[in-house]
Amino acid sequence: MFSTFKDLKSFVENQEVKIIDFKVVTLEGRWNHLCIPATRLNEKLFVEGIGFDGSSYGYSSIESSDMRFIPDMETAFLDPYCEEKTLSIICNIFTLGKNEGRFQGDPRFITEKAVKFLKNSGIADEFVIGPEFEFYIFDKVGFEIKGNHQEVSINCEESPWSTNDKENNLGYKVPFQKGYHIGLPYDSTNDLRSAMCLALEEMNIPIKYHHHEVGAAAQVEIEVELGNLGFMSDATMMIKYLIKNEAIKNGKTATFMPKPIYGEAGNGMHVHMLLKKDGKNIFYNEKGYSKLSDEALHFIGGILKHSKALLALTNPSTNSYKRLVPGFEAPVSICFATGNRSSVIRVPGYIKDPSKIRFEFRPSDATCNPYLAYSALLMAGIDGILNSIDPTEEGYGPYDVNVFDLPEEERNKIEALPRSLEEALEELKKDYNFLLRDGVFTEEFIFNWIKKRYEKDVLTINKVPSPIEFSLYYDL
């Protein structure tokens, strides 16, 4: 938004901004923030920054936790969810002490390094992506985890389980698994999604469309137009922030959890991708498979070859693997195809414009830290190009059929993605060298990530009994 402090200061004064808000991404992918009165705004903040405890963000140990963040004034935006007029600015993380400088593990810096590596490789100068955001909008959610009580309670007025609701029931409930593109009056969140999309457009995030998804309990999708890696990483944080706050503002609650409801469709975040060089889409070849170039196929080969390890970054929650279940529409088969939603890589069959020929990575979900997930996908793809990994020679297809309809012998030839976060973390331990090129990721960062996810997610979940276990084992 601003290239000079003078412009920023002038805007603050002219717009009568009262609060300056600094947003910093945590290791897990949340925005934490710190605010100062606008009267305290000064140019030194953009040089010296503000100190904070990096261990509370997941980045370092307590004994070496002092860090500082420095605002990136180009990312400034007026925050529509603060009562006092507030200008928010996304920040970069820096280390202190002997190795003072940009923190190598800052997710925004990892994205910058990935883009630099792509350009230096000579392959392309732009990684263009387009995520699809699936989420549920509930009227109420409650949960409790105690030694003597574990409970989750969800209410959604348009869901099929609300057909006999004795209050505020006008009869239009979405049938189970029949929500895809369903119209009014069933689609009760249409106006809310429109408000979300218009608010995103105000933030200069172009929207492709929005619609109701398969899940009957107000599962919906907002899809954005394609954008470059740096922009889309910041935009993903903004999109999730705005969707959640816009829902709260309207008395609803939104969740990107991959599998919040037993038996209902899960929330994915499919990532469309292509590479550009000098403004030209290098993934296009009129004579190639599905109009894909050799570079595109090798990029696919790299992603599929490293897909098991990638899931530790693109699907980093234990809940992710309750969505990735074989036999359903969930993409768990390590293969590629055109128009096949059961494959890890799908080439959309509807795209005719050569400048937009691309493919999508389907397993990922929005519990990921977008800077890490998108950068890791790029690094895997680059590895595929540098090593000329041919996906067909590697046995990845194409499989232009539903892989679950194949004969068992043929189906068993196709490898499957990890079935748990623990398994994905073990795969990352074995396969991470492709992430280390040019210092994009560091070994220290990767093993810190594995440690945090194992301790905070895997071990925590493993210790808690669930109601289904009482049903299965109580009487044994």
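The values are calculated or read from the model by the stated rules, or taken from the named source; none is laboratory data. All figures in this text were calculated on a predicted structure; none of them were measured in a lab. Here Cβ is always computed from backbone atoms with ideal geometry, including for glycine, and neighbour counts include all displayed protein chains.
Name every residue in the stretch 443-464 that is farther than 15 Å from A424 by Cβ and of a type in the set (S, T, Y), in order of residue number.
T460 - this is the single residue of the stretch 443-464 that is farther than 15 Å from A424 by Cβ and of a type in the set (S, T, Y).
Quick check on this structure: which one of F127, F69, F77, F138 is closer than 30 Å to A296 by Cβ, modelled with pLDDT of 95 or more and of a type in the set (A, V, I, L, M, F, W, C)?
Sole residue among the options that is closer than 30 Å to A296 by Cβ, modelled with pLDDT of 95 or more and of a type in the set (A, V, I, L, M, F, W, C): F127.
Considering only residues that are among the small types (G, A, S) and crowded, with 17+ Cβ neighbours inside 10 Å, which ones fall in the stretch 421-441?
The answer is A424, and nothing else.
So which residues in the stretch 383-424 are of a type in the set (D, E, K, R), modelled with pLDDT of 95 or more and closer than 13 Å to C335 by Cα, if there are any at all?
Correct list: D390, E393, E394.
Looking at the stretch 236-253 only, could you name the residues that are of a type in the set (D, E, K, R) and under 13 Å from D79 (Cα atoms)?
E246
Which one of these does N340 not meet: (1) part of a loop (DSSP other than H, G, I, E, B); (2) within 16 Å of F359 (Cβ to Cβ); (3) under 16 Å from the mean Cα position of the chain (by Cα)?
Of (1) part of a loop (DSSP other than H, G, I, E, B); (2) within 16 Å of F359 (Cβ to Cβ); (3) under 16 Å from the mean Cα position of the chain (by Cα), only one is false for N340: (3).
Rundown of residues vs (1) farther than 16 Å from C35 by Cβ; (2) of a type in the set (K, R); (3) within 24 Å of the chain's Cα centre (by Cα); (4) crowded, with 18+ Cβ neighbours inside 10 Å, yes/no style:
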site: E84; (1), (2), (3), (4): no, no, no, no
site: G97; (1), (2), (3), (4): yes, no, no, no
site: G101; (1), (2), (3), (4): yes, no, no, no
site: G130; (1), (2), (3), (4): yes, no, yes, yes
site: G147; (1), (2), (3), (4): yes, no, no, no
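Restricting the search to the stretch 1-53, which residues are surrounded by 15 or more Cβ atoms within 10 Å (Cβ to Cβ) and assigned to a helix (DSSP H, G or I)?
Answer for the stretch 1-53, where residues must be surrounded by 15 or more Cβ atoms within 10 Å (Cβ to Cβ) and assigned to a helix (DSSP H, G or I): F5, L8, K9, F11, V12, A38, L45, F46.
Pull out all pairs, ordered by first then second residue, where Cβ-Cβ is under 9 Å, the residues are six or more apart or on different chains, the first lies in the stretch 130-142 and is over 24 Å from E223 (Cβ atoms), and the second is surrounded by 24 or more Cβ atoms within 10 Å (Cβ to Cβ) and of a type outside the set (S, T, N, Q).
Within 9 Å, the pairs are D139/C156; D139/A218; K140/C156.
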